[in-house]
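The values are calculated or read from the model by the stated rules, or taken from the named source; none is laboratory data. All figures in this text were calculated on a predicted structure; none of them were measured in a lab. Methodologically, a virtual Cβ is constructed for each residue, glycine included, from the backbone with ideal geometry; neighbour enumeration extends over all protein chains shown. These accessible areas exclude ligands, DNA and RNA; they are computed on the full protein's heavy atoms, side chains included. Shrake-Rupley method; radii C 1.70, N 1.55, O 1.52, S 1.80 Å.
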Amino acid sequence: MSDCLFCNIASGAIASGKVFEDDDVFAFKDIHPKAPTHVLVIPKIHIATLADCDNPAMLGMLMDRVRMIADDVLHLAAGYRVVINVREGGGQEVFHLHIHILGGKKLPF
Ligand code: AMP
Ligand code: ZN
């Protein structure tokens, strides 16, 4: 979607702090980090919210990439938090599905 911020980041039309990319996903540093490591993982195809995705293979692929990126790219061996905000009530501000990976310190609940 040409008017979607994260579609434009995934395509490279808007610059970002890329940490990983493959055919299916793009991962980049959050511009307002809430932890020493704060990375967003997005599918390259436009899906507005988690609630709009009824594709188990897609969701499984995304979680597998999150696990791999946290371990192999971000080296968060001590642990990390995974967050998906869903729609306005869940605090979602950008309507392209994204998974937050937060780590680098002991996170309070
Ligand atoms: P959410 O509230 O779950 O929709 O999270 C959206 C996240 O996107 C926020 O943590 C923002 O700081 C982050 N964000 C917004 N614009 C950018 C950008 N251009 N580059 C990187 N992160 C961004
Ligand atoms: Zn999009």
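Confirm whether Phe95 is surrounded by fewer than 18 Cβ atoms within 10 Å (Cβ to Cβ) and either more than 14 Å from ligand 2 (Cβ to nearest atom) or of a type in the set (Asp, Glu) (or both). Please lay out each step first, then the result.
Values: surrounded by fewer than 18 Cβ atoms within 10 Å (Cβ to Cβ): yes; either more than 14 Å from ligand 2 (Cβ to nearest atom) or of a type in the set (Asp, Glu) (or both): no.
No; evaluated as a whole, the condition is false for this residue.
Just name the residue that is most open to solvent (accessible area, probe 1.4 Å) out of those in region 1-41 that are touching a strand residue (DSSP E or B) at 6+ places or on another chain (Cβ under 7 Å) and more than 16 Å from Leu74 (Cα to Cα).
Asp24
Can Ala77 be described as within 15 Å of ligand 1 (Cβ to nearest atom) and open to solvent by 20 Å² or more (accessible area, probe 1.4 Å)?
Values: within 15 Å of ligand 1 (Cβ to nearest atom): no; open to solvent by 20 Å² or more (accessible area, probe 1.4 Å): yes.
No: the conditions fail for Ala77.
Can you tell me which residue is nearest to Gly104 (Cα to Cα) among those in region 30-68 that are assigned to a strand (DSSP E or B) and within 12 Å of ligand 1 (Cβ to nearest atom)?
Just the residues of region 30-68 that are assigned to a strand (DSSP E or B), to begin with: 37-43.
Restricting the remaining residues to those that are within 12 Å of ligand 1 (Cβ to nearest atom) gives 38-42.
Numbers: His38: 9, Val39: 11, Leu40: 15, Val41: 17, Ile42: 21 Å.
Taking the candidates together, the pick is His38.
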